[in-house]
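Everything below concerns the one structure shown next.
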Amino acid sequence: LHMTLAAYAATGLGVAGIHAYYVRRDPANMFHRRALQVALLVGVPAALVQPLSGDLSARDVAKRQPVKFAAMEAHFETSGNVPFVIGGIPNAETGELKYAVKIPNALSLLMTGDANTVIPGLDAVPPTDRPPVGVVHFAFQLMVALGSYMALLSLWVVWHWFRKRDLGATPLLLLGLTVGAPFGMIAVEAGWIVT
């Protein structure tokens, strides 16, 4: 489910970004305006549902592959009240995560609805059985960040649709689509690195 949605979101928003670039250059070009709408109809719904499938996938990984999940979150020590981390640079040798934004208890809460839930850390297995935590954590963070950008951009598009605004007359939105054109493909590759 997660990869299928990713394929639609990445392709739809990637193509939309290309046409958004041309609509910014020539707002009267009906070919690019229509192609932009078609591409958005493919990419926007998938990008909006993608965070929900990502949550389901993360829960499944936590259940079936707890060591991979610990590497994704750079969670070194088995414990409860685990924070949700944004960013950070993990050090596999010292078992530390530096420069991360930590939301207290949030990872435990997200996984089970109970902030006291114990989540296995990388210390649950010998160092030789651990994935390369730096690579996995960075790829996971990159995938989530780019997917979040795409979902927020899609919400902006939907807001314009409901207000019946002309997307071609919104240069900032067109720029956001243009900049985000490669983000879906990068997020897909980052996701496969995590996998």
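The values are calculated or read from the model by the stated rules, or taken from the named source; none is laboratory data. Computed from a prediction, not measured in an experiment: that's the story for all the values here. Every residue, glycine as well, gets a Cβ built from its backbone with ideal geometry; the counts of neighbours run over all protein chains shown. Just the protein is used for accessible areas: all its heavy atoms, side chains included, with ligands, DNA and RNA removed. Shrake-Rupley method; radii C 1.70, N 1.55, O 1.52, S 1.80 Å.
A few points about this structure:
- Per-bin percent of Cα-Cα distances, the chain [10 Å]: 9, 33, 27, 18, 10, 2, 0
- Modelled FRET efficiency - R0 22 Å, D60 with V125, Cβ distances, 0.05 increments: 0.70
- About its Cα centre, the dipole of the chain is roughly 880 debye, where the only charges are +1 on Lys and Arg Cβ and -1 on Asp and Glu Cβ.
- For region 144-195: span of alpha carbons on each principal axis (Å, largest first): 40, 18, 11
- Normalised by residue number, the volume inside the convex hull of the Cα atoms of region 84-194 is 137 Å³ per residue.
- Calculated mean residue ellipticity, 222 nm, the chain: -21500 deg cm²/dmol, from DSSP H runs (n ≥ 4) at -39500 (n - 2.57) each, averaged per residue and rounded to 500.
- Mean separation of Cα contacts under 8 Å, 6 or more apart, over the residue count of region 1-149: relative contact order %: 22 percent
- Expressed in units of 2.2 N^0.38 Å, where N is the residue count, the Cα radius of gyration of region 17-106 is 1.68.
- Where Cα atoms sit under 27 Å apart: lysine pairs in the chain separated by 8 or more or lying on different chains: 4
- In order through region 51-67: 3J(HN,Hα) via Karplus (6.51 cos²θ - 1.76 cosθ + 1.60), integer Hz, x for Gly, Pro: x, 5, 5, x, 5, 4, 5, 5, 5, 5, 5, 4, 7, 8, 9, x, 6
- Entry comment: accessible area of region 34-179 is 54 Å² per residue, from protein heavy atoms only and a probe of 1.4 Å.
- The mean sequence separation of alpha-carbon pairs under 8 Å and at least six residues apart, normalised by the residue count of region 81-195, gives a relative contact order of 23 percent.
- Dipole magnitude of region 17-100 about its Cα centre (Cβ charges: Lys, Arg +1; Asp, Glu -1), debye to nearest 20: 520 debye
- Dimensions of region 39-86 based on its C-alpha atoms, expressed as ranges along the principal axes with the largest first, amount to 44, 22, 15 Å.
- Over region 81-147: Kirkwood hydrodynamic radius from C-alpha pairwise inverse distances, Å: 12.9 Å
- Farthest towards the positive end of the charge dipole of the chain, among the residues P126, N81, A46, is the Cα of A46, using unit charges on the Cβ of Lys, Arg, Asp and Glu.
- Length released on extending from F162 to S79, taking residue separation times 0.36 nm less the Cα-Cα span: 25.3 nm
- The residue among V101, W159, P182 whose Cα reaches farthest toward the positive pole of the charge dipole of the chain, with charges on the beta-carbon of Lys, Arg, Asp and Glu, is W159.
- Measuring r between the beta carbons of V38 and V101 and using R0 = 35 Å, the FRET efficiency lands at 0.40.
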